[in-house]
């Protein structure tokens, strides 16, 4: 009988959230801090990052600090990329050396917006996650947290974020680690969603969820059945 893989120990790790002053990054940092994890918020400037870290530490009582994106990338054992798509490639190119040897979790959705609403953009590499992998050949890139509502993550009155997180990657140890990271947030569950080449449709699904939210005045997420 094959034994189940051991649950990764996250307590000894530092999580860096690049773009941690935006709604999605700030919300994820809040939830991880509440789960007892050590978090470093990265921002374009050290001052903005430090202010966000101090504010979140006071709000959660957690081990949260803040700095600029480069110093956060250097400090993190696991680094989440939660920045606008427009600056995605440039930022990762500039941080490639700092991210060498680390698990990088790409959470970015390449979306456009017009009068008809949101839509998925075409990415030369196939997806934001695949672009990250191409730009960071010395890192282990995993895609996750694409379809999670920033509004729910940031709302301190919401105790449980009831959603599944599809985790995509080519390294089993890294995807297990990111699934365990999702599992630390009450109500959330990490589910393996395939290899990195399948990230496009997961990123693109966010456009559908935005349309659902607008129609139904909701904060929709994803649940996988029979797993």
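At-a-glance table
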read-out: Percent RCO, i.e. relative contact order, over region 73-209, from Cα pairs under 8 Å lying at least 6 residues apart; value: 24
read-out: Among beta bridges that DSSP assigns inside the chain, antiparallel share in %, nearest 5; value: 15
read-out: Distance in nm between pseudo-label sites at residue 13 and residue 192 (7 Å out along the Cβ direction from Cα); value: 1.6
read-out: Mean separation of Cα contacts under 8 Å (6+ apart) over length of region 140-210, as relative contact order %; value: 36
read-out: Two-decimal ratio, region 38-79, of alpha-carbon radius of gyration to 2.2 N^0.38 Å; value: 1.02
read-out: Cubic angstrom per residue, convex hull over Cα atoms of the chain; value: 126
read-out: Residue order, fewest to most surrounding Cβ atoms within 10 angstrom, among 41, 210, 185; value: 210, 185, 41
read-out: Cα centroid separation - region 6-43 against region 186-227, whole Å; value: 20
read-out: Fewest-first ranking of 172, 44, using other Cβ atoms within 10 Å as the exposure measure; value: 172, 44
read-out: Cα-Cα pairs of region 112-227 separated by more than 16 Å (percent); value: 63
read-out: Exposure proxy order (Cβ contacts within 10 Å, fewest to most) of 184, 7, 21, 129; value: 7, 184, 21, 129
read-out: Kirkwood Rh (inverse of mean 1/r, distinct Cα pairs), region 98-175, angstrom; value: 14.3
read-out: Residue-span extension gain [residue 125 to residue 154] - 0.36 nm each, minus C-alpha spacing; value: 7.3 nm
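Read-outs throughout are calculated quantities, based only on the coordinates presented, and are distinct from any laboratory measurement. In this text, all values refer to a predicted model and were calculated from it rather than measured experimentally. Note that each Cβ is placed from the backbone with ideal geometry, even for glycine, and that neighbours are counted across all protein chains shown.
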